[in-house]
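As structure tokens, the structure follows; a few thoughts come after it.
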Amino acid sequence: MNKARLFILCAAIAVVTVAVAQTQSYKLGRPATAEEIRERDISVAPDGSGLPVGHGTVTQGRHDYQTLCGNCHGDRGQGMLQYPALVGGQGTLRGKNPVKTVGSYWPYATTVWDFIHRTMPYARPGSLTPDETYAVTAFILYLNGIVGEKAELNKTTLPRVKMPNRDGFVGDPRPDVAAKKAGK
Amino acid sequence: MKRKGLTRRAFLATASATLGAAAIPPVGFPQELGAPRRAYGERSPFEKSVRFFPESITPASSYSKTPLQDLFGIITPSALHYEVHHSGVPEIDPRRHEIMIHGLVERPLIFTMEDFHRLPSVSRIHFLECAGNSGGEQIGRPAANPQRSHGLLSCSEWTGVPLRTLLEETELKPGATWIVAEGADAGRLARSIPLEKALDDVLVAYGQNGEALRPEQGYPVRLVVPGWEGNVNIKWLGRVQVVDQPYMTSYETGHYTDLMPDGKARQFTFVMEAKSVITRPAGGQELSGPGFYEITGLAWSGRGRITKAEVSTDGGKSWQDAQLNEPILPKAVTRFRFPWWWDGEETSLQSRCTDETGYLQPTREELVAVRGLNATDHYNGIKVWYVHKDGKVSHE
């Protein structure tokens, strides 16, 4: 290595060190270990990143759903009282009385999985295993006619499920009302 | 009266009821020593204003509304701040609470509450408003008083650390474009927020109106995302993940998205647009007779400062400038007032506001013409109160 090169390298290292020292100005907080991150990170993205290993079928889901979910959401996901329906509404979004359910409205199957995994069953959020979550998700998607009776969901197949309202969302065009007033 | 049959208890009850009716004591000075000191203050027993919430079979997934008609100034007392929870209010021991920042960062870090209290802090006054506030107005079900119609709105002084400081400590990696913020409530409510906003004015707040956050507002630490819909202001903050895409959580897909007449839904409609409401005289109140009344109300905008509030006392035919009370702060509630002499005739009262971007609060009709009746979130139409000859003020 010639001298000039060495100098540039050292300078680069110095710059990096300075940058690090500058950015962590307060030296507060402790490093999160890989273990801690694994334990706490439950987020799932639409591309499937974050989904754990595991699997569940419609058949298993039918069973798990009846024991864990059906008493609130109804045995066929029809909903009751303040417990939302999990089934139905496809084709109603344009009409006078749109019915928004996970089947008719939610754009990603990963969202259904993530919500159930973190927040359901209502009284014991976060208590489902990955297998149970794959299974009840499969059953709910089956009730909505989105997957077949033989479907098995896992970290590869779940993100591939195409939800009926996948292309039903647009960005925020506001301010919209003023634009209309100005004749635009 | 059949005195004879009256038991002692019944007699006492009658006596005190009669007394009660005539029991407003004459004006005067107290003759006895007052109460001694107390460690934590309470309001006067004569003050009864409370949050409103309906009966619910799922009270942990529900809301309560601020009694706007009873408030003065711009700050909502913490005990009256509105609430929306989806998995109840957790009881968190601050000594056992940590916030992890990870994802697309050079140094994933875990902060304790002690760390937060040591970091450089700021205090700022901002409103919080639920995206669904006054949504009933849009679909033609106007509510009877300011609390019922607009009470998912509150305004506090928040103290905490800019989220930017924490993100700089962890050092962002290239490709970082969003964060996912997650609560440490039982349901671990999560929302995606664009990195640009996270680096702009978002606070990781532990203080509310001079003391620690109330549990209902996220004790011991929450996000305050100025001007944006309430739901992204994650309470009981436990985790911030730096990511390269929105994670499409349930509350940014299945909920808080606005379904338009063409069947498409607007997503990531974060900003709460300029809005105002007259809080006095307003629905549910009664004018005791013709004469002078100060009209007062609140105006706010998620896009910045309020520059103008106008009042109409003639059914929207003419509008006059109201006085804006100081302070007039960005993304905070501003109180306006307007002197009014009531002539005893039937009329209506309404307000509209303009923010520093020049945006003028629309009427309900203008709004419905664009957004239809299937969307009920992010509604900001003008609210009208009707004054009747007998002095009663109502919503219709």
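Tabulated data for the structure shown
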read-out	value
Residue A:156/residue B:50 FRET efficiency (R0 51 Å; Cβ-Cβ; nearest 0.05)	0.45
Assigned charges on the beta-carbon of Lys, Arg, Asp, Glu; chain B dipole about Cα centre (debye)	1500 debye
Overall dimensions of segment B:188-269 by Cα: Rg and Dmax, Å	14.1, 47
Gyration tensor (alpha-carbon) shape descriptor, segment B:348-396, a/c threshold 1.5	oblate
Label-point gap, in nm, between residue B:214 and residue A:75 - each point 7 angstrom along Cα→Cβ	4.4 nm
Inter-chain Cβ neighbour average for residues B:78-87, partner chain, 10 Å	1
Segment A:59-127 and segment B:200-253: distance between their alpha carbon centers, rounded to Å	26 Å
Where Rh is the Kirkwood radius over Cα pairs, Rg/Rh for segment B:88-128	1.05
Calculated over segment B:286-330: convex hull of Cα atoms, volume per residue (Å³)	115 Å³
Residue-span extension gain [residue B:177 to residue B:61] - 0.36 nm each, minus C-alpha spacing	38.7 nm
Cβ charges +1 (Lys, Arg) and -1 (Asp, Glu), total dipole of segment B:275-394, debye	420 debye
Descending semi-axes in whole angstrom, ellipsoid equivalent of segment B:78-266, from the Cα gyration tensor	28, 21, 14
Dipole magnitude (debye, nearest 20) for segment A:40-164, charges at Cβ of Lys, Arg, Asp, Glu	420 debye
Virtual spin-label span in nm between residue A:34 and residue A:49, 7 Å along Cα→Cβ	1.7 nm
Dimensionless Rg over Rh [segment B:29-135; C-alpha; Kirkwood]	1.07
Distant alpha-carbon pairs in chain B (separation over 31 angstrom), percent	45 percent
Interatomic Cα distance distribution for the protein assembly as shown, bins of 20 angstrom, percent	18, 46, 28, 7, 1, 0
Rg followed by Dmax, in Å, when segment B:275-394 is reduced to its Cα trace	14.6, 42
Low-density loop cleavage sites - GluC sites (Glu not before Pro) in segment B:38-146, where at most 15 other Cβ are within 10 Å (DSSP)	B:42, B:47, B:55, B:91, B:106
Translational diffusion coefficient (Stokes-Einstein; Kirkwood radius from C-alpha pairs) of segment A:40-164 at 20 °C, 1.002 mPa s, in µm²/s	149 µm²/s
Alpha carbon centroid spacing (whole Å) that separates segment B:146-178 from segment B:95-130	10 Å
Euclidean distance between Cα centres, segment B:57-74 to segment B:335-375, Å	22 Å
Calculated FRET value between residue B:107 and residue B:23, using beta carbons and R₀ = 60 Å, to 0.05	0.35
Sum of side-chain charges, residue A:168 neighbourhood, beta-carbon under 11 Å (Lys, Arg +1; Asp, Glu -1)	+3
Separation of the residue B:373 and residue B:262 label points, Cα + 7 Å toward Cβ, nm	2.2 nm
FRET efficiency for residue A:170 and residue B:91, using Cβ-Cβ distance with R0 set to 30 Å, rounded to 0.05	0.15
Cα shape, segment A:92-168, gyration tensor, a/c 1.5 rule	oblate
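Only the coordinates and a few stated rules stand behind these numbers; no lab work does. Since the model is a prediction, treat every value here as computed from it, not as a measurement. Cβ coordinates were reconstructed from backbone atoms using ideal geometry, including for glycine residues, and neighbour counts include every protein chain displayed.
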